[in-house]
Amino acid sequence: MTLPIRYNIRNVFVRWRATMATIIGVALVVAVYILIQSLAVGLEKSGRNTGDPRNLMIVRKGSTAESSSQVNRTQLKTLQYLPQIERDAQGQPLISADLVVLISLPRQDGKGEANVTMRGISRAGVELRPQVTLVEGRWFVPGGREVVVSTKMAKRFAQCAIGDRFRTGGHELHVVGHFDGGETAFDSEIWMDADEARSVFDRENYSSALVRMRSPEAAQEFMKRIEADKRLPLRVDPEIAYYSEQTRTSQIFQVIGTFLAVSMSIGAFFAAMNTMYASVGARTREIGTLRVLGFRRRTILASFILEGAILAAIGGAIGCLISLGLQSLSVFLGWQFGTMSFNTFSEVVFQFRITPGLAAQGMVFAVVVGVLGSFFPAVRASRLPVIAALKVV
């Protein structure tokens, strides 16, 4: 005989205090789990969004980041005349020799300083990065000791407003504009002219070169040619693949999120178990009555587990809504989150990114907690002796 589902629904409303405690506990656990995992997703997405499928990134073999790479001027001259490279309207090769260095800037809130990525780009550098748009002020003029700062970095660091000046490398640099990196890794950078950056930071060589290919076939031919040329100890990767690899920092958030989720799920598991044990104790006579009416033990067992799963699912849905609400609030208020990249050792900014898959994980997590938390109380309920249960006052 199947136990009517309305019995469980009626119990939820009759014992609403215990019901609310279970739902709220699971909702908070799921919300924290989703929000922490969304930080990892946001950081990873900033890397996946970075780059143009037509571009190739060239760095020194063995380097783990642009800041530890070197491309000298002789190598650059060899590269820029290769026939696979696209040309602009003036017939010039679309190649940007970049210099990436780390500088230290004070935080906007006055709580110390942090490393920031300064990128020196060549003439074609802006054209090769269509995700980046100037939103305020103007682009730098080579030779004027001028820089353009991403809007997100300007919110996090002092002396980055348009018109401000800051000292680095023994020189004073003038902020003349703000750009939007389009939710890419460029949102964590400050830009200036590449040759001027070499002068300011006393660097002889560049860090990397970014080139645009005529076609996918040309890209494959270009990569094979560089690999076969022993004069060029360089590594060539698609720009998108290169920046995706740079987001390994997101794994830290995934590990932290999983650790906190496991820790909190243990607490939620015992909380749900205690609530269900209390529910079993309060319904001892009802359980005895159900047994007298002919309901089998496995039916009562399934009924209690189903009730726990449904309550946990409701809590999971509320937790998803809480996390989505906090994400919307962070976007509305312009909140930015930052961490140190273990590849570049500089500040990386990103935002919450709650995906449908992440919300689904939260729901599955909630239901698992509900089922496990109600299993042992359900077993106890199904094994209650009928006569002893009916005698309970």
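Each reported figure results from applying straightforward, stated rules to the coordinates on display, with no laboratory input. Values in this document were obtained by computation on a predicted structure and should not be read as measured data. For neighbour counting, all protein chains shown are included, and Cβ atoms are generated from backbone atoms with ideal geometry for every residue, glycine included.
So the values come out like this:
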| quantity | calculated |
| --- | --- |
| Using distinct alpha-carbon pairs, which all enter the 1/r mean, Kirkwood radius of segment 62-232 in Å | 17.0 Å |
| Ranked 201, 376, 222, 259, criterion: other C-beta atoms within 10 Å, fewest first | 259, 376, 201, 222 |
| Interchain or long-range residues, amide H under 5 Å from residue 128's placed H | none |
| Amide H contacts under 5 Å for residue 179, placed H, 5+ residues apart | 135, 149, 150, 151 |
| Fewest-first ranking of 184, 117, 299, using other Cβ atoms within 10 Å as the exposure measure | 299, 184, 117 |
| Cut-off 17 Å, label 7 Å out along Cα→Cβ of residue 162, residues of segment 91-135 by amide N | 133-135 |
| Segment 201-245-segment 119-135 distance, computed between alpha-carbon centres (Å) | 18 Å |
| Order of 203, 167 - criterion: other Cβ atoms within 10 Å of each residue's Cβ, fewest first | 167, 203 |
| Estimated FRET transfer efficiency (residue 74, residue 298; beta-carbon r; R0 51 Å; 0.05) | 0.05 |
| Spatial extent of segment 87-149: Rg and Dmax, with the Cα atoms as the point set, Å | 14.8, 49 |
| Length added when fully stretched, residue 202-residue 90, from 0.36 nm per residue minus Cα-Cα | 37.2 nm |
| Derived scalar couplings ³J(HN,Hα) [segment 138-149; Karplus, 6.51 cos²θ - 1.76 cosθ + 1.60; whole Hz; x for Gly, Pro] | 9, 6, 5, 9, x, x, x, 6, 10, 9, 10, 10 |
